[in-house]
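These notes concern the structure reproduced below.
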């Protein structure tokens, strides 16, 4: 589903170069649920940005769903984000002026779907996350857990092949965390690939596989470059 | 998608309504000023009779002094009016479909004592063709016929306002009014006829309304009437003294219009005028080179500078003012849009292209522009009312400045352009925002 080979991403300022990803290689199979862990500054967010085509990289190759997406135009990346990738953020990233229904509608608006089709997808997604009765509520009228469920509904409505979740339970209490993780597991069981960045060992434990990052590289638990870093050695689940 | 973008734009305007009000107000101010001055200029410049302006011609003959040019900024131009004797001769032509010489006078009208006191009233003396030639609308009756021209028969046509004044607005056809020492029968009452510029006589005071009373030209002689318009003359005093002497001299005081429906007719009429002048030259008149003019309505209005240069200058200045308003608002819009960067980041992450973000923000700018435009148009209408009130003190006419459909459309177009000027750069800037940068800070 997702394969990166020798990805290098450097942030440059006048004074310093920061190697956020260095010879970063990773393969995630279709239908996998992978947890990405690592300390702050290890490159988790950079990896998610690159994987989600929100940012470019300097060297290496990246295949997504069998397609080489290493050097795409901005419009092409937007199209792939819209059709194939769903994002779940720690801070939910709902648009405060739009109600729940319209927030879920946002990615569909950029897909030129007929209104009836959009409505059906939104209603189904809200039903799946149990928020049908809150369709006309504003985000500010919902709890954190409910807001994250709206964000998940927004992903579900788009029916992506890959979900990238950036600490999806980071702002939630334990009860809500369990609810969201249950929801992600159910989505994964339907065949959607999930790559989740998390600091929580409990959440990571619910993934099929845990990947540790350090200094922009995949490492094993002792901090040595892991076999996972070499795609040719990684098990192919695709 | 347009409706969606409009809804997003409305939500954005509501979110920070004070800033939105400042931006809309800025555009409204610019639109009000530019619309007001553009309308002012348009009032002078628009075609007063679009359905016939290409077949109506103003006639001039160069009978002027060979020693000095006719006054004005172009020494090659003939006098703006013609002499009585030339008028009599060229009116004999049967080439024009219609023709009318004319001048205006100022005569005492004696209303019913119960209605009012006698007062001096502007009267236009013209021929029967005047009314059909200029498509003058009638409420009651009609104009007089050519037999009444020849008589002349004691007939008049009243304006709607004069009929209101003298007869309380009733159908006065067949009733009589007394003018100076004569009783004249009303044959027609005009419907409301208020051309902004009195285009059939732009030799003087062309902002004034059409005259309240029209009567046959040929009352000139029996009533010994004098023109109340411009009169230019040269040459020695006529050998005949008094009123008749003025008619045979080189004094130019009559306006002459002809309707020539085809190019051939126009050529034939120009040939006729040339032949007439050449014949007069043999008799010792027309000492200057042949210089007749048969000028269409709009060209004649342009030549007479019906559009004041000041009106054009003020319109240009007001458009620059609108541009300055829009440029000043650019900074406010940029700040407003950049404050929304996290939301833009989310939309980009969810699949919006840069173009989608650009269009979304341009739609918001255009909505701001249109809202400013509507308010600006309302302010401009108020400004035009004020200008009409001022105009009334100068010309006794309070309906000169009106916003018509083309001006309203121009106002809308200016609003959209102002919205674009103010918003294109901010929209372009925000559509370039890298999505990843703002997702963490949302």
The residue from A:24, A:87, A:92 that alone is in contact (Cβ under 8 Å) with a residue 12 or more places away in the chain, crowded, with 18+ Cβ neighbours inside 10 Å, within 10 Å of chain B (Cβ to nearest Cβ) and assigned to a strand (DSSP E or B) is A:87
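Name the one entry in B:350, B:439 that is within 14 Å of chain A (Cβ to nearest Cβ), buried (at least 21 other Cβ atoms within 10 Å of the Cβ) and without any contact (Cβ under 8 Å) to a residue 40 or more places away in the chain.
Values: B:439 fails: without any contact (Cβ under 8 Å) to a residue 40 or more places away in the chain.
The match here is B:350.
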Just one listed residue, out of B:85, B:68, B:77, is under 24 Å from the mean Cα position of the chain (by Cα), modelled with pLDDT under 95 and either assigned to a loop (DSSP other than H, G, I, E, B) or in the same structural domain as residue B:256 (by TED's automatic domain parsing) (or both), and it is B:77
Taking segment B:170-193 and keeping residues in contact (Cβ under 8 Å) with a residue 60 or more places away in the chain and assigned to a loop (DSSP other than H, G, I, E, B) leaves B:180
In segment A:28-76, residues that are at negative phi, over 15 Å from the mean Cα position of the chain (by Cα) and not in a loop (DSSP other than H, G, I, E, B) total 9
Exception for residue B:252 within (1) in contact (Cβ under 8 Å) with a residue 40 or more places away in the chain; (2) more than 22 Å from residue B:57 (Cα to Cα); (3) under 30 Å from the mean Cα position of the chain (by Cα) falls at (2)
Note: among B:283, B:323, B:275, B:299, just one is under 21 Å from residue B:42 (Cβ atoms) and outside the structural domain of residue B:9 (by TED's automatic domain parsing), namely B:299
The number of residues in segment A:103-160 that are away from chain B (no Cβ under 14 Å), part of a loop (DSSP other than H, G, I, E, B) and either closer than 28 Å to residue A:31 by Cα or free of Cβ contacts under 8 Å to residues at least 24 places away in the same chain (or both) is 3
Practice item. Report yes if residue A:172 is without any contact (Cβ under 8 Å) to a residue 40 or more places away in the chain and either within 20 Å of residue B:436 (Cβ to Cβ) or touching a helix residue (DSSP H, G or I) at 6+ places or on another chain (Cβ under 6 Å) (or both), otherwise no. Key: yes
Wholly inside segment B:227-309, helices (runs of 4 or more DSSP H) that include 1 or more residues that are at pLDDT 95 or above and over 24 Å from residue B:72 (Cβ atoms) are B:263-282
Per the filter on segment B:246-267, residues over 25 Å from residue B:199 (Cβ atoms) and surrounded by fewer than 15 Cβ atoms within 10 Å (Cβ to Cβ) are B:248, B:264
How many residues of segment B:88-120 are touching a residue at least 60 places away in the same chain (Cβ under 8 Å), in contact with a helix residue (DSSP H, G or I) (Cβ under 7 Å, 6 or more places away or on another chain) and not in a strand (DSSP E or B)? The answer is 6
Q.
Could you go through segment B:362-372 and let me know if any residue there is buried (at least 20 other Cβ atoms within 10 Å of the Cβ), more than 14 Å from chain A (Cβ to nearest Cβ) and over 30 Å from residue A:108 (Cα atoms).
A. yes
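For residues in segment A:61-83 being in contact with a helix residue (DSSP H, G or I) (Cβ under 9 Å, 6 or more places away or on another chain) and touching a residue at least 24 places away in the same chain (Cβ under 8 Å), which is nearest to the other protein chains (Cβ to nearest Cβ)? Before you say what the answer is, go through the steps one by one.
Taking segment A:61-83 and keeping what is in contact with a helix residue (DSSP H, G or I) (Cβ under 9 Å, 6 or more places away or on another chain), we get A:62, A:64-65, A:67, A:69, A:72, A:74-75, A:78, A:81-83.
Imposing the further condition that a residue be touching a residue at least 24 places away in the same chain (Cβ under 8 Å) reduces the set to A:62, A:64-65, A:78, A:81-83.
Values: A:62: 15, A:64: 14, A:65: 15, A:78: 4, A:81: 5, A:82: 2, A:83: 7 Å.
In this case the residue turns out to be A:82.
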Condition test on residue B:322, is it assigned to a helix (DSSP H, G or I) and either surrounded by 15 or more Cβ atoms within 10 Å (Cβ to Cβ) or within 14 Å of another protein chain (Cβ to nearest Cβ) (or both)?
yes
Check: Based on what the data block shows, is residue A:100 within 12 Å of residue B:350 (Cα to Cα), more than 10 Å from every other protein chain (Cβ to nearest Cβ) and either in contact with a helix residue (DSSP H, G or I) (Cβ under 6 Å, 6 or more places away or on another chain) or crowded, with 21+ Cβ neighbours inside 10 Å (or both)?
Finding: no
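The values are calculated or read from the model by the stated rules, or taken from the named source; none is laboratory data. Note that this is a predicted model, so its numbers are computed, not measured. Glycine also receives a Cβ, built like all others from the backbone with ideal geometry; neighbour counts cover every protein chain displayed.
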